[in-house]
Each structure stands twice: as structure tokens, then as C-alpha cells.
Amino acid sequence: METEYITEFIKIAELKSFSLAAEELLISQSSLSKHIKTLETQLGAQLFDRTTRSVMLTPFGQNILVLCETITDYSQEIMKLADNQLTKNRNHLMITSIPVMAQYNITGFIAGFLKSNVDFHISFTESESYLINNLLRNGNYELAFTRIVNKEDPNFESIPFYTDTLVATLPKNHRLASRKSLRIKELINENFIFLDENTLLYDHLNELCRKHGFMPKVIQTSHRLETIIDLVSKEFGITLLYRRQADFSNNPKLVSIDIDPPSTSVISLTRFKGHKLSYAANAFWEYLKDRNA
């Protein structure tokens with residue numbers, strides 16, 4: 001049975017008139033009559049006694065009226081829940097990021113977006129760089145904050161968020177600590193402490209050293225920046241980081257020296273071109289574009 005026809009049946013019973021019901025329901029009286037005839041045929045019984053001057057319910061019609069009212073109540077409740085879920089899905093965005101959200105104030109940017117767009121909700125997680133492209137490609141996330149150090153994969157599109165430059169981070173009493181800038185090849189004999197092998201930075205730094213004629217002697221790796229900073233401050237070795245990462249540590253026992261020529265990377269908001277962005281994701285994407293304009 002069509003719930004629309006049941007609603008019309010209830011309205012006729014309430015007003016005791018086909019014409020008044022048709023007027024209130026904004027349909028023609030002939031269409032309304034056809035709908036009720038269809039409903040009566042489906043039920044195999046007459047709903048209204050049309051022999052009197054006013055429209056009256058038959059005994060069968062009286063018996064099912066309360067049930068029909070219950071059906072419409074449940075139908076309305078279902079539609080309300082469906083609308084709420086649609087709104088929730090439309091306004092909810094899941095973002096992932098490499099583990100630099102605090103260092104680059106990504107959390108602050110997200111907070112600013114939410115203050116300007118109070119109807120949106122964002123859930124965000126951190127993922128290692130080697131996982132993110134597949135997470136975007138598979139639709140686990142629509143957007144991600146990534147670090148781009150070389151050419152971008154043509155299957156992805158990005159908007160720059162922050163451009164950073166590479167520095168050598170050394171103990172304050174290191175022989176090179178007084179320098180204003182360093183060339184990578186001057187670090188050939190150093191012991192290095194890098195972020196671990198699952199990070200984009202690990203591969204990039206190894207490749208950078210190879211381009212300058214040596215393979216770095218990596219004596220320790222860690223997936224936690226604070227561990228690397230602590231090891232360097234205790235003179236276990238040196239590290240190569242980006243300026244924002246080094247400054248964020250704010251360790252008084254360390255100095256960070258610019259690399260010459262400069263080596264840069266860009267923290268970017270990235271999406272997979274093969275997926276259309278949801279309403280919420282598109283709003284966030286445009287919010288960053290507007291900031292950069």
C-alpha cells in the first residue's frame with residue numbers, strides 16, 4: 001500500500017469530505033477518489049459509505065483508521081531519521097594527516113573552519129605517509145594533509161598549506177653549531193638520527209645525501225619526533241628536520257642551521273582525483289583555497 005494513499009484516507013476521515021480533503025492535500029478530487037478506490041481494491045473492502053450526504057467510514061474503515069494513523073506516524077519518524085542521517089553524512093568530514101598536525105597548526109586551521117561553519121563536523125586521525133595515498137584512493141578518507149618533497153603523483157591534486165625548509169639540528173657544542181648555513185656534503189662523517197623507515201622523510205633524506213656523494217650513517221631511527229630531539233640533545237648524533245619541526249621542539253640545548261642550497265617541502269591538503277568530494281569536503285577544500293587567495 002502507498003503510504004501517500006493512507007495519508008489521504010486519514011484526511012478524508014478527519015474532514016468527512018472528499019472535496020475538502022482534496023483542497024487541503026492540494027490534489028484534484030478525481031485523483032483523490034481514484035487513490036481511495038485503489039486502496040479499497042488492495043484491501044478488498046470499502047472504506048467509506050458514500051450513500052449519505054456526508055462521507056462516513058464503514059465499520060471496516062473505522063477498524064483500520066487507528067492502524068493507518070500509526071503507519072503514518074512511523075513513516076514520518078523513519079523519514080525524519082533518514083533526513084537526519086543524510087544531513088549528518090553531508091556535513092561530516094573525515095580527514096587524515098601525516099603526524100605533523102601540532103607542528104604546522106593544522107588543528108588550529110581546522111578549528112577556524114569549524115568556527116566559520118558551525119553545521120559541519122570533522123573527525124581527524126594521523127597516518128604514516130606511506131599509507132595515505134591508498135587511504136585516499138580507497139575512499140577511507142576524502143582529504144589528507146601530506147608532505148610533498150618531489151613531484152606530485154598525477155592521480156592526486158593538492159593545495160599548499162605551508163612551505164618549509166630543511167635544517168640541520170645539532171647539539172649546541174657541536175663543531176658546526178656556530179655556522180649560519182651548511183652544505184649537506186659537510187655532514188658526511190656525522191652520525192644521523194632520522195624518523196623511521198615508514199616515513200616519507202626517511203627516504204627523502206637518504207636520497208638527498210646520496211645526491212651529495214655519500215650514504216648517511218643512520219645510527220638510530222624513531223617514529224616520534226620528541227625522541228629524536230632528545231637523542232640529539234644528549235649528543236648521540238645529529239638530525240635533518242624541517243624548520244617548523246625543529247622550532248616546535250624549542251629545546252635550548254640544540255641549534256638548527258639552514259641547509260645551502262635550500263631544500264624545501266610543502267605541507268599540502270591532498271585529494272584523489274578519481275573521487276568526487278562530498279559537500280563537507282568540498283567546503284573545507286574551498287576554505288583553504290580562499291585562505292591562499
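The values are calculated or read from the model by the stated rules, or taken from the named source; none is laboratory data. Computed from a predicted structure; not experimentally measured. Reconstructed Cβ throughout: ideal geometry from the backbone, glycine too, with neighbour counts over all protein chains shown.
Overview of values
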| read-out | value |
| --- | --- |
| Long-range neighbours under 9 Å by Cβ, at least six apart or interchain, first residue on the phi < 0 side of the Ramachandran plot and surrounded by fewer than 16 Cβ atoms within 10 Å (Cβ to Cβ) within segment 262-276, second assigned to a loop (DSSP other than H, G, I, E, B) and not β-branched (Val, Ile, Thr) | Lys273/Pro154; Lys273/Asn155; Gly274/Asn155; His275/Gly139; His275/Glu142 |
| Selected residue (criterion: nearest to Arg224 (Cα to Cα)) from residues of segment 100-112 that are touching a helix residue (DSSP H, G or I) at 6+ places or on another chain (Cβ under 9 Å) and crowded, with 17+ Cβ neighbours inside 10 Å | Val100 |
| Residue in segment 93-106 that is in a helix (DSSP H, G or I), at pLDDT below 85, closer than 30 Å to Thr146 by Cα and of a type in the set (A, V, I, L, M) present | no |
| Tyr141 being surrounded by fewer than 18 Cβ atoms within 10 Å (Cβ to Cβ), in contact with a Leu (Cβ under 8 Å, 6 or more places away or on another chain) and of a type outside the set (Gly, Ala, Ser) | no |
| Segment 28-54: number of residues that are of a type in the set (Val, Ile, Thr) and either under 10 Å from Glu8 (Cα atoms) or in contact (Cβ under 8 Å) with a residue 40 or more places away in the chain (or both) | 1 |
| Count of segment 222-239 residues which are at pLDDT 95 or above and either part of a strand (DSSP E or B) or under 28 Å from the mean Cα position of the chain (by Cα) (or both) | 2 |
| Filtered residues of segment 264-277 (kept if more than 18 Å from Leu225 (Cβ to Cβ) and in contact with a strand residue (DSSP E or B) (Cβ under 7 Å, 6 or more places away or on another chain)) | Thr264, Val266, Ser268, Leu269, Thr270, Arg271, Phe272, Lys273, Leu277 |
| Only listed residue being surrounded by 13 or more Cβ atoms within 10 Å (Cβ to Cβ) and either in contact with a helix residue (DSSP H, G or I) (Cβ under 8 Å, 6 or more places away or on another chain) or modelled with pLDDT under 90 (or both), chosen from Ser127, Ser54 | Ser127 |
| Residue check for Thr165: surrounded by 15 or more Cβ atoms within 10 Å (Cβ to Cβ) and either of a type in the set (Val, Ile, Thr) or in a loop (DSSP other than H, G, I, E, B) (or both) | no |
| Residue count for segment 142-161, restricted to those that are modelled with pLDDT under 90 and in contact with a helix residue (DSSP H, G or I) (Cβ under 6 Å, 6 or more places away or on another chain) | 1 |
| Number of positions in segment 38-51 that are surrounded by fewer than 13 Cβ atoms within 10 Å (Cβ to Cβ), modelled with pLDDT of 85 or more and in a loop (DSSP other than H, G, I, E, B) | 1 |
| Residue in segment 82-90 that is at pLDDT below 85, surrounded by fewer than 16 Cβ atoms within 10 Å (Cβ to Cβ) and in contact with a Phe, Trp or Tyr (Cβ under 8 Å, 6 or more places away or on another chain) present | yes |
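Each row is one residue, and each column tells you yes or no for (1) out of contact with any Ser or Thr (no Cβ under 7 Å at 6 or more places or on another chain); (2) assigned to a loop (DSSP other than H, G, I, E, B); (3) in contact (Cβ under 8 Å) with a residue 40 or more places away in the chain.
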{"residue": "Leu176", "(1), (2), (3)": "yes, yes, yes"}
{"residue": "Arg179", "(1), (2), (3)": "yes, yes, yes"}
{"residue": "Glu186", "(1), (2), (3)": "yes, no, no"}
{"residue": "Phe192", "(1), (2), (3)": "no, no, yes"}
{"residue": "His204", "(1), (2), (3)": "yes, no, yes"}
{"residue": "Leu241", "(1), (2), (3)": "no, no, yes"}
{"residue": "Arg244", "(1), (2), (3)": "yes, no, yes"}
